[in-house]
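This report concerns only the one structure given below.
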Amino acid sequence: MSFRDDVLRFAEKVERRQKDIFVGCVNGVRTSVTEGSATTGAPGQPVDTGNLIGSWQETFPSEWVGEVTTGVDYAEPIEEGIGPHGPITLRSGVGGFHSVKLTRAAWQDLVNEVARGVVHD
């Protein structure tokens, strides 16, 4: 084993962990928005039919870009808690409003949690 081999192995380990943290953060965002998270304080999506919660997708348009999106037209009113006629009454026994905002606000906490999990594996 040479010093060069040790450095190459270490670099590979760092790259692997970096990618694991990145993918874990994208997955953590989707989970926080859809199911809720103690780390972010997000309540997750309210569920009536399951259409909204099931519509959130994580994609990777390029190597270091991850997106969590939905195409459901009523996602924004649910996020804001305000519909076309004013405040929305939450009737679901699970989930709530502002999951995207709360996830964004706690982004660094989510990253720290994911990184701790990757480094300790």
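Readers should treat all values here as calculations from the given coordinates under stated rules, not as data from a laboratory. Predicted, not measured: the structure shown is a model, and the values here were computed from it. In this analysis, Cβ positions are derived from the backbone assuming ideal geometry, glycine residues included, and neighbour counts consider all displayed protein chains.
If you stretched the chain out fully between Ser92 and Asp109, how much longer would it get, using 0.36 nm times the residue separation minus the C-alpha to C-alpha distance?
Full extension of this stretch gives 3.4 nm more.
Across all directions of projection, what mean area in square nanometres is found for the Cα convex hull of region 1-54?
Answer in nm², one decimal: 5.0.
Sequence-distant or interchain residues sharing an amide H contact under 5 Å with Ile82, placed H: which?
The answer is Ile88.
Averaging over all projection directions, find the projected area of the Cα convex hull of region 3-119 and quote it in nm² with one decimal place.
The Cα convex hull of region 3-119, projected and averaged over all directions, gives 8.5 nm².
For Trp64, Trp107, Trp56, what's the fewest-to-most ordering of other Cβ within 10 Å of each Cβ?
In increasing order of surrounding Cβ atoms, one gets Trp64, Trp107, Trp56.
Based on the mean of other beta carbon atoms within 10 Å per residue, what is the order of 77-84, 5-12, most packed first?
77-84, 5-12
Per DSSP helix of 4 or more residues, -39500 (n - 2.57); summed, then divided by the residues of the chain. What does that give at 222 nm, rounded to the nearest 500?
Rounded to the nearest 500, it is -16500 deg cm²/dmol.
Could you state the orientation-averaged shadow area of the convex hull built on the Cα atoms of region 24-65, in nm² to one decimal?
3.2
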